Each structure stands twice: as C-alpha cells, then as structure tokens.
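Reading through the structure tokens given below for one structure.
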Amino acid sequence: MNIKNYFFDNDVIIKLSQYDLLEELTVAFGNNLSAFYLLPTYEFVTFHHNDEKALKLFKKIEATHRSRAFYLSCNRAEISDHKIMNTIIKLEQPNLDAGELILLGCVMENESSAMVSGDKRALKEIDRIISERVIEPVNAKFVIVEMAIKSIIEVYGFDHVCSKVRLHPSVDKAITNCFGKQSKSTEENAMAGLMSYISDLQRKCVNDLFSL
C-alpha cells in the first residue's frame, strides 16, 4: 500500500530526535515532509518556549534543536470532519489518550494513511475497536517505533543506525536491548530483536494493519 500521510505520536518524534534519526526517517518514509503530521501539543510537551525544561527532556541541546526544526517543517494533525470528530469523542477508550484519539481520527479522515506510535497497548486497543467495527478506517496502517527503525536500516544500513542508537541507551529500553547496551549486537541479532517486537504485536492483533 502506498501511504499518503503519516500521523506521528509525540513520543516517536522525541525518541528519534534524541537518536538523531529524523532526517533518515524522512527519507525512509518517502522524503516528503508535507506528508508528515504532528500533534499541535508537541511544541508544549517538548517545551519549545522553555530551553531549560527542553534540555532536561532531550539531554542534548542538539536534539532540542532538531525537534523544534522538525516540528516547524511538518503539518499539524487535526480532525476537520465533524462526523469523525463526534465518533472519536464518543469512543472514550481508557487505553487511548487524547493525542492518540486525534491521530486515530486523522487516519480515519485521510484514506491510505499511517499512525506511528510507540504505545503498543494503544495499538492493540485500536485493533480491537476496528475488529468490532466501531470504526472503519480505509486502507490504514499502524506503525510502531521498531518498524520505523527497521525501515531506516533498510535505507541507511545497520552500522549507521546502530552507532546512533547506542549513543543513547536510556531513550528506549526495548530498542537498546536490540542493538546492545554493554556491547554491540550483530546485525542478525539486532534485526531479530526488532522483528520479535513487531511479530509479537502482529500475533496479538486480528487485523492486518500493523506493518509497512
């Protein structure tokens, strides 16, 4: 499926800012920032107007700058269809926060789009409500961080990504486990680790929506 638009949850962009993989993400996902959408809350969650708090979040000033520049280059994820907005408001799913609900509505509103999230529990909940036909997005895909990193490796190679990820072991425990904390993992083991997280989600979900 040709994905037309990508709707990103805040945590994904925060992590990839820290890893310095935003440029690589852009290329791996089609090299078209006009197809990238971030939540309006991103600038507040990442303290765009408070350098001290932003630095505590990102650890490195360079990551803060990358995050801000990326946000300004992307579109805002907002629901414009009133019918879809009403459907989203009525969902009231405990495992989906406000941002995730907005992204879900955006995917419903935009055919052949993908929601990119690091919250596997939320994606399992989305799988459930799609299975129960509570919502029916058209040609939608749902992508986890491990899928995004796998896609970047396919373009830039294992060593390039591994060297960046291993500089920041505290960003994401699961990804650190794949690439090695004490010593560098082999490409085979790292890819197997990423695929284990991807396959686990796919096994637990009914719909064939969780792939690129």
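Does residue 170 qualify as being modelled with pLDDT under 95, on the phi > 0 side of the Ramachandran plot and not aromatic (Phe, Trp, Tyr)? Judged against the criteria, residue 170 is not a match.
Sort through 196, 170 and tell me the only one that's more than 14 Å from the chain's Cα centre (by Cα) and more than 26 Å from residue 58 (Cα to Cα). Before the answer, list the steps.
Details: 170 fails: more than 26 Å from residue 58 (Cα to Cα).
Criteria check complete, one pass: 196.
Any residue in segment 2-17 that is in a loop (DSSP other than H, G, I, E, B) and of a type in the set (A, V, I, L, M)?
Residues of segment 2-17 in a loop (DSSP other than H, G, I, E, B): 2-4, 9.
Still in the list and also of a type in the set (A, V, I, L, M): 3.
Yes - at least one qualifying residue is present in segment 2-17.
Here is a yes/no grid of residues against (1) within 21 Å of residue 172 (Cβ to Cβ); (2) more than 18 Å from the chain's Cα centre (by Cα):
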position	(1), (2)
3	no, no
10	yes, no
16	yes, no
19	yes, no
59	yes, yes
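Restricting 208, 200 to residues that are open to solvent by 60 Å² or more (accessible area, probe 1.4 Å) and within 25 Å of residue 122 (Cα to Cα) narrows the list to 208.
The values are calculated or read from the model by the stated rules, or taken from the named source; none is laboratory data. In this text the structure is predicted, and so the values were computed from the model without any measurement. Note: ideal-geometry Cβ built from the backbone for every residue, glycine included; neighbour counts use all protein chains shown. These area figures cover heavy atoms from the full protein model, side chains too; ligands, DNA and RNA do not enter into them. Shrake-Rupley method; radii C 1.70, N 1.55, O 1.52, S 1.80 Å.
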